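The numbers here are math on the coordinates, done by the rules we state, and not lab data. The model shown is predicted, which means the values in this text are computed figures rather than measured ones. Here the Cβ positions follow ideal geometry from the backbone for every residue, glycine too, while neighbour counts run over all protein chains shown.
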Amino acid sequence: MAALARAAMEIPPPPGPFRPGFWRSPLRGPWLTSVFGLVLLIGIPVVFVAGLLSYAAYNPGLGPLNDQTPGCRPSSPGRCRWCGSR
């Protein structure tokens, strides 16, 4: 039984990306993860605020009372042209 375990330990690792050391790099480490986290921590709120400002700039005063889209609305008097309801 010990010989079988020893033989299994002597088998070389498979080539290519299946070796444990294949993905290790001096560039990848805790410092790079920290940099990516910091970029995301700053970048996501900036993109969110820019989106809100863009929405406010291109759609000022959008709301249910200020909607000027033609069509059926519960508050519109008369008959709707496209749906045929009263």
Just grab the label-to-label distance for residue 27 and residue 56, each label 7 Å out from Cα along the Cβ direction, in nm (one decimal).
4.0
For region 35-44, Karplus-derived ³J(HN,Hα) couplings (6.51, -1.76, 1.60; θ = phi - 60°; whole Hz; x for glycine and proline) come out as 5, 4, x, 5, 4, 5, 4, 8, x, 5
